[in-house]
Amino acid sequence: MRAALAAVAAEIGAGDLAAVAIAWLLRHPARLVPVLGSMKPERLAAMVKALEISLDRQQWFAILEASEGRPVA
């Protein structure tokens, strides 16, 4: 999973893997609501950057396949 997030982060120029993960969750068709669980202002600011991250369909499915550990067809 970390490798897939890192690959997508490198493609889009995002420095924070957690922000890419949150961006992925925000675009999930089940309309998930991420719970951040941090009160540190610097971590919260990094997570807000997830709102600026745009994942294309290929990137989104690459992360999904990594999360499930198998190809998604």
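What follows is calculated from the coordinates using simple rules that are stated; it is not laboratory data. Given the structure is predicted, the values throughout are model-derived calculations rather than measurements. Reconstructed Cβ throughout: ideal geometry from the backbone, glycine too, with neighbour counts over all protein chains shown.
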- Message: Run lengths n ≥ 4 of DSSP H only: what is the helix-derived mean residue ellipticity at 222 nm for the chain, with -39500 (n - 2.57) per run over all residues, to the nearest 500?
- Response: -16500 deg cm²/dmol
- Message: Can you work out the Karplus-derived ³J(HN,Hα) for every residue in segment 65-73? Use 6.51 cos²θ - 1.76 cosθ + 1.60 with θ = phi - 60°, whole Hz, and x for glycine or proline.
- Response: 4, 5, 5, 8, x, 7, x, 10, 10
- Message: Can you work out the Karplus-derived ³J(HN,Hα) for every residue in segment 37-53? Use 6.51 cos²θ - 1.76 cosθ + 1.60 with θ = phi - 60°, whole Hz, and x for glycine or proline.
- Response: x, 9, 10, 6, x, 5, 6, 5, 5, 5, 5, 4, 4, 4, 5, 8, 8
- Averaging sequence separations of C-alpha pairs under 8 Å and six or more residues apart, then dividing by the length of segment 2-68, give the relative contact order as a whole percent. 36 percent
- Pairwise label distance in nanometres, Met39 with Leu64, each label 7 Å out on the Cα-Cβ vector: 3.7 nm
- What FRET efficiency, computed as 1/(1 + (r/R0)^6) with R0 = 22 Å and r the Cβ-Cβ distance, is obtained for Ala10 and Ala73, rounded to the nearest 0.05? 0.30
- Using semi-axes √(5λ) of the Cα gyration tensor in Å as the read-out, say which of (i) 43, 14, 9; (ii) 21, 14, 11; (iii) 25, 17, 15 was calculated from these coordinates. (ii)
- Query: Exactly which trypsin sites (Lys or Arg not before Pro) in segment 1-66 are in a DSSP loop and have at most 10 other Cβ atoms within 10 Å?
  - Reply: Arg31
